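What follows is a single structure, written as structure tokens, with notes after it.
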Amino acid sequence: MLEQSVFADKAFACLLGGLIGDAMGTPTEGRDYRQIEEAYGWVEEVCCDGTDDTIMKHILAEVLIETGGYAGRDAWAAGWLRRWDAIFGQKVNKFFVSVLHTAHKLRRHTVPRMAALGNMPSSSSAMCIAPVGIVNACNPRQAALQAYALASLIHVHDVGFCQDGASAIAAAVAEAFRPQATTETILDAAMAYIEPLSGQEMLERIEAAQTLAREFPDYRLFRERLYAQAERFFLPIACDSRETVPLALALLQLGDGDPARCIPYGVNLGRDADTIATMVGGIAGAYRGLGAIPDRWQRAFGAETLAEQRALAERLCATALAKVDEERAAGEALKQIAALPRRV
């Protein structure tokens with residue numbers, strides 16, 4: 001049965017790993033790592049219940065399920081308007097202005113394909129894009145293409161590098177489901193489908209962070225050297241995906257894809273800690289599965305939240321399988337017409 005499959009286990013771990021990273025990283029968000037050490041020491045326990053990263057991820061997951069896995073920019077925009085109270089609710093102060101501004105534009109005066117114009121850079125797509133990797137599991141190319149389309153609701157043109165970031169994370173999650181996946185193939189997939197010319201800056205930044213991780217495989221030394229080269233790796237807006245996505249992928253490498261290591265690495269890095277941790281947590285969860293996520297982290301959310309996350313994961317898995325069946329049927333039809341002799 002689907003709910004007992006490895007696929008469902010990994011999808012649940014993907015959502016849960018992202019939720020844990022978001023929640024654990026809430027108190028460290030926006031801080032320098034030295035401030036984190038002074039205030040908390042080493043953070044590795046869940047004390048919150050998530051931020052905008054998790055809210056937007058749930059909205060996107062629902063839209064993907066409703067559209068049979070084929071959601072695009074318009075469908076996601078409709079999901080925002082339908083879940084207005086979730087965005088402008090108790091956690092509205094956790095949302096970056098790019099999302100809030102886009103939501104108001106959608107509601108008041110513009111169509112989805114125009115809503116992104118003028119937005120500042122952020123990780124507002126990349127932070128919540130993991131469900132795209134689930135409905136395109138084992139197909140990172142398709143995950144990347146769909147992520148580009150969805151991310152255009154928030155960022156285009158001069159901030160199109162945020163689309164590159166969303167593409168990288170979605171492709172990494174999709175690759176993580178493959179039975180033969182390794183940390184190296186996941187990282188390769190994250191870069192493989194970024195547009196080579198338009199996305200050159202993102203590719204260079206990912207490679208620079210990977211190089212630093214290879215040079216300094218000890219996390220604390222890596223973190224120290226990262227901050228020492230702030231002008232190279234950090235951006236004026238900490239949630240800029242040119243900063244967060246390369247760092248999340250570097251932490252995946254440092255932690256060898258183990259969520260028990262990767263998530264605290266993101267949390268204790270500082271800067272946009274919750275977003276970095278939720279992205280790497282989702283990839284690592286999809287890669288290693290539920291058994292790699294410490295029991296105490298799971299228990300921190302309670303039975304109801306865990307049941308909701310599991311049910312959402314199973315619905316995404318069912319959507320992915322139905323999508324594959326539909327595409328397989330199209331492929332069979334193509335083979336049939338290709339085999340027919342041409343009429344003269």
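Considering only residues that are out of contact with any Gly (no Cβ under 8 Å at 6 or more places or on another chain) and part of a helix (DSSP H, G or I), look in segment 234-246 and name the one that is surrounded by the most Cβ atoms within 10 Å (Cβ to Cβ).
246
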Inset, instruction - Among the candidates 50, 79, 30, single out the residue that is farther than 30 Å from residue 327 by Cα, crowded, with 21+ Cβ neighbours inside 10 Å, in contact (Cβ under 8 Å) with a residue 12 or more places away in the chain and small (Gly, Ala, Ser). - result: 50
Inset, instruction - Scan (1) in contact with an Asp or Glu (Cβ under 7 Å, 6 or more places away or on another chain); (2) assigned to a loop (DSSP other than H, G, I, E, B); (3) closer than 25 Å to residue 184 by Cβ for the single condition residue 217 breaks and write down its number. - result: (1)
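Check segment 305-322 and report whether any residue there is among the basic types (Lys, Arg), farther than 23 Å from residue 136 by Cα and out of contact with any Lys or Arg (no Cβ under 8 Å at 6 or more places or on another chain).
No - not one qualifying residue is present in segment 305-322.
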Inset, instruction - Could you please tell me which pairs satisfy a Cβ distance under 9 Å, a separation of 6+ or placement on different chains, a first residue in segment 168-192 that is basic (Lys, Arg), and a second residue that is buried (at least 24 other Cβ atoms within 10 Å of the Cβ) and in a helix (DSSP H, G or I)? - result: 178/140; 178/186; 178/189
Inset, instruction - Could you check, for segment 162-171, whether at least one of its residues is part of a loop (DSSP other than H, G, I, E, B) and at pLDDT 95 or above? - result: no
Inset, instruction - Of the conditions (1) of a type in the set (Asp, Glu); (2) without any contact (Cβ under 8 Å) to a residue 60 or more places away in the chain; (3) crowded, with 20+ Cβ neighbours inside 10 Å, residue 231 clears all except one; give me its number. - result: (3)
Legend entry - Failed criterion for residue 38 (all others in (1) free of Cβ contacts under 8 Å to residues at least 24 places away in the same chain; (2) buried (at least 22 other Cβ atoms within 10 Å of the Cβ) hold): (2)
Inset, instruction - Select from segment 182-208 the residues that are surrounded by fewer than 20 Cβ atoms within 10 Å (Cβ to Cβ) and in a loop (DSSP other than H, G, I, E, B) and list them in ascending order. - result: 182, 195, 196, 197, 198
Legend entry - Residue that is nearest to the chain's Cα centre (by Cα) [pool: residues in segment 270-284 that are under 20 Å from residue 225 (Cβ atoms) and charged (D, E, K, R)]: 272
Inset, instruction - Could you please let me know if residue 86 is in a helix (DSSP H, G or I), touching a residue at least 12 places away in the same chain (Cβ under 8 Å), buried (at least 17 other Cβ atoms within 10 Å of the Cβ) and touching a helix residue (DSSP H, G or I) at 6+ places or on another chain (Cβ under 6 Å)? - result: yes
Inset, instruction - Residues being small (Gly, Ala, Ser) and free of Cβ contacts under 8 Å to residues at least 12 places away in the same chain: count how many of those fall in segment 193-219. - result: 0
Legend entry - Residue among 116, 71, 103 that alone is touching a helix residue (DSSP H, G or I) at 6+ places or on another chain (Cβ under 7 Å), closer than 19 Å to residue 152 by Cα and in a helix (DSSP H, G or I): 103
Legend entry - Single residue of 261, 223 found to be closer than 28 Å to residue 49 by Cβ, part of a helix (DSSP H, G or I) and in contact with a Gly (Cβ under 8 Å, 6 or more places away or on another chain): 261
Legend entry - segment 285-344 - residue that is more than 21 Å from the chain's Cα centre (by Cα) and in contact (Cβ under 8 Å) with a residue 24 or more places away in the chain and, of those, surrounded by the most Cβ atoms within 10 Å (Cβ to Cβ): 300
Inset, instruction - For segment 1-67, please list each of the helices (runs of 4 or more DSSP H) lying entirely inside it that holds at least 3 residues being more than 19 Å from residue 127 (Cβ to Cβ), at pLDDT 95 or above and touching a helix residue (DSSP H, G or I) at 6+ places or on another chain (Cβ under 9 Å). - result: 6-25, 33-40
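The values are calculated or read from the model by the stated rules, or taken from the named source; none is laboratory data. What you see is a predicted model; the values in this text were computed from it and never measured. Don't worry about glycine lacking a Cβ; one is built from the backbone with ideal geometry, like all the others, and counts go over all protein chains shown.
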